[in-house]
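Input: a single structure, listed below in structure tokens.
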Amino acid sequence: MPEPGEQAPDFTLASTEGDVSLRELTERSKVVLAFYFEDATPLCSNEVSMLRDDYEIVRELGGEVIAVSADSLDSHAAFAERLGGVPFPLASDERLDAAKAFDAVDDSGKRSRRAVFVIDRGGKLLHAEPWFQPGNPGQYEAIFRALGFQG
């Protein structure tokens, strides 16, 4: 797993908003990279919904969000619709290439686990939550502190 201060591994994945490249996104903004287990599962719905609900704060802090799972683009589109829309790309990592690069593959080896990384403009890792729990306010606050929020 990349450590804070190290360069984040690059990837390009198909998403609900076309291909997304981590390198290209970090050329212009910070990135909250959120891996999640599966579309439409309760905790993953919470994770994606939390980021959706606080997306404007992420943007105000100079960030973007990419949410990644092994689900297909069709599944992502249906998931986003069930959530009432999502203002950021849901990327499909069916071969788990990005999850492997961030050491975020679950124990089954077939899906990513819930993990969140904050990556600075230029690609350096600022913060890692390798076992993200959507109900843990301390973990969620740490993501925003890494983006520069001072509350």
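The values are calculated or read from the model by the stated rules, or taken from the named source; none is laboratory data. Being a predicted model, the structure only gives us computed values, none of them experimental. Methodologically, a virtual Cβ is constructed for each residue, glycine included, from the backbone with ideal geometry; neighbour enumeration extends over all protein chains shown. These accessible areas exclude ligands, DNA and RNA; they are computed on the full protein's heavy atoms, side chains included. Shrake-Rupley method; radii C 1.70, N 1.55, O 1.52, S 1.80 Å.
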Accessible-area value, residue 66, 1.4 Å probe, nucleic acids and ligands omitted, Å²: 0 Å²
Total charge dipole magnitude, the chain, about the Cα centre, Cβ charges on Lys, Arg, Asp, Glu only, Debye to nearest 20: 220 debye
Share antiparallel - DSSP beta bridges, the chain, percent rounded to 5: 60 percent
The chain: calculated mean residue ellipticity at 222 nm from DSSP helix runs of at least 4, using -39500 (n - 2.57): -9500 deg cm²/dmol
Pair residue 78, residue 54: separation of 7 Å Cα→Cβ label points (nm): 3.0 nm
Where 50, 1 fall by accessible area, highest first, once all protein chains stay in place (1.4 Å): 1, 50
Aspartates and glutamates with Cα under 14 Å of residue 124, excluding same-chain neighbours fewer than 8 positions away: 3, 6, 10, 24, 27
Extended-chain gain in nm, criterion 0.36 nm per residue less alpha-carbon gap, residue 14 and residue 131: 39.7 nm
Straight-distance crosslink candidates among lysines, where the alpha carbon sits under 19 Å from residue 110 and sequence neighbours closer than 8 are dropped: 100
For region 78-140 versus region 13-59, the gap between their alpha-carbon centres in whole angstrom: 7 Å
